[in-house]
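The values are calculated or read from the model by the stated rules, or taken from the named source; none is laboratory data. The structure presented is a predicted model; accordingly, all values stated were derived computationally and were not measured. Note that each Cβ is placed from the backbone with ideal geometry, even for glycine, and that neighbours are counted across all protein chains shown.
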Amino acid sequence: MDAVGRPGWRMTPLRWIPHANDTVLLVAAISLLFVGGWNPLEQGWLLAKIALLLGYIAAGLFALKVTVSRPIRVVAAVLALVQVSAIFHLAMAKPVLF
């Protein structure tokens, strides 16, 4: 049984939701650079947010992959959740990082 509780969910249209979510987030991050005219090297919070987003995508890839062992998938899922919470924190606080 999958971690989601429904073994056949990978055969439904639900399998595209994580990819659509990641694509929207990445497009939003890149759009923020162009529309806002910000340089991520000058805005430390923005560079950190984009790096966390790429890490979130990588962790989510491992968390949802069937061929990876269950303990690794659980660690990857927790890591993805930590990165999402850090992304939200950076979006709300915009702290000076460097």
* **Residue selected from segment 26-44 under the condition loosely packed, with under 14 Cβ neighbours inside 10 Å and of a type in the set (A, V, I, L, M), by the criterion farthest from A58 (Cα to Cα)** => V35
* Across segment 31-47, what is the number of residues that are out of contact with any Lys or Arg (no Cβ under 6 Å at 6 or more places or on another chain) and not in a loop (DSSP other than H, G, I, E, B)? -> 9
* Looking at A28, A51, which is the one that is closer than 19 Å to W16 by Cβ and part of a helix (DSSP H, G or I)? -> A28
* **Pairs where the first residue, in segment 71-98, is over 18 Å from P40 (Cβ atoms) and the second is of a type outside the set (F, W, Y) and at pLDDT below 85, C-beta under 9 Å, 6+ apart** => R73/A3; R73/L64; R73/V66; V74/A3; A76/L64; A77/A3; A77/L64
* Asked: Restricting attention to segment 47-98, and to residues there that are of a type in the set (D, E, K, R) and surrounded by 14 or more Cβ atoms within 10 Å (Cβ to Cβ), which single residue is modelled with the highest pLDDT?
  -> R73
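For segment 31-42, enumerate the residues that are in contact with a Leu (Cβ under 9 Å, 6 or more places away or on another chain) and either closer than 22 Å to H19 by Cβ or touching a residue at least 12 places away in the same chain (Cβ under 8 Å) (or both).
L32, L33
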